[in-house]
Amino acid sequence: MSHSQVKLPACANCAYPFPEEQPNEFCPRCGQQNHEINLSFGHVLEETLEGVFHFDSKVFRTLRLLLFKPGRLTQLFNDGHRVDFVPPIRLYVFISFVFFLLLSLQHSDSGKKEKVFSDLKVTTEADKRELAEADSLLQNTVGEKPFGFTVGKSDSKDTTNIFDLKLSQRDVQWFSEHATAARTDSMIRANGKEPTWYRRLALNRLPRIQNATKEEIEYKLQKSISIAMFLLMPLFALLLKALYIRHHQYYISHLILSIHFHCFAFLLFTAKLLLGYVYSSDWVVLVMLFLPAWYLYKALRLIYQQSGRKTLAKVLLMMLSYGLVIALVLMGALVASLMMV
């Protein structure tokens, strides 16, 4: 690091007074370097390049161990070797940001918005007029606003399934304009189903989902998944803690391994996205399924020093249980994204 020949008597940032006989190189209160305020362009450029290449060396050193030495980065971090590497949380935030950025770019269209459920709408004015006339006639006959839906009786050939509910275009059009709690349950029962929370949710969100674009749905889903994956890392560490309860390690040690494992997974997914632009094959999917398990096996063997048979059994248990959790979380993320539309 460059050292300035001109020293200030006090910190320019927080006014901390330096000893007169030997001014500090750095302020002990705020950490700012003690040098002349008016710097030359060459000095600023030198400090900038120094900071950039020092950070780059950290990144390259961290990624090299993360990718090619499973568990070694975690082992070094837990042993106290931390200055030379990117902190785990910062590493995860950076890698996951790159992944979701590439994912959003991959799914973006050239400015053209497409409705997700555009086929659910009544597309002609004639259908709308016919529906309005039928409702008006029924209202005059029975003296109250009818429910209006025609489940299973619609002449329209275009139907859609909302979960396990079969609705015609007219059903959807009418419900988007006259939805109430009672009518929601009535429409569900008209399909021969019991009103459950997810069926009510699907129907109640139908008017907004109906008008949503693919970009909006994908953005909400990606946001929900990114939050969910961040929250899953502590759960993964908790599973490790349970499997290695006799090792008497602090929870934070398992959490560091969890963060590094998820960083590797996101790097793998990022590589898959980039590879998809030039090549696509079924074997790539198989590799994507195999590599995380292999990485976890190698990392657990190195860190916990158990036999290969015990480690393999624990890896299989971890992958099965965590896979089930991820499936449930993805379903929850989908529901959350639909609620946010």
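The values are calculated or read from the model by the stated rules, or taken from the named source; none is laboratory data. Being a predicted model, the structure only gives us computed values, none of them experimental. Glycine also receives a Cβ, built like all others from the backbone with ideal geometry; neighbour counts cover every protein chain displayed.
Below is a table of values for the structure above.
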item	result
Boolean, TYR295 is closer than 22 Å to LEU221 by Cβ and of a type in the set (Phe, Trp, Tyr)	no
Test: residue in the stretch 285-292 that is buried (at least 18 other Cβ atoms within 10 Å of the Cβ), assigned by TED's automatic domain parsing to the domain that holds TYR92 and either small (Gly, Ala, Ser) or out of contact with any helix residue (DSSP H, G or I) (no Cβ under 8 Å at 6 or more places or on another chain) (or both)	no
Subset of the stretch 57-88 that is of a type in the set (Lys, Arg) and under 17 Å from ILE303 (Cβ atoms) - its residue that is modelled with the lowest pLDDT	ARG82
Some residue of the stretch 254-275 being hydroxyl-bearing (Ser, Thr, Tyr) and more than 17 Å from the chain's Cα centre (by Cα)	no
Lone qualifier among SER96, SER110, SER104 - being assigned to a helix (DSSP H, G or I), modelled with pLDDT under 80 and of a type in the set (Gly, Ala, Ser)	SER104
Those residues of the stretch 291-315 which are over 19 Å from LEU268 (Cβ atoms) and without any contact (Cβ under 8 Å) to a residue 40 or more places away in the chain, in sequence order	GLN305, GLN306, SER307, GLY308, ARG309, LYS310, THR311, LEU312, ALA313
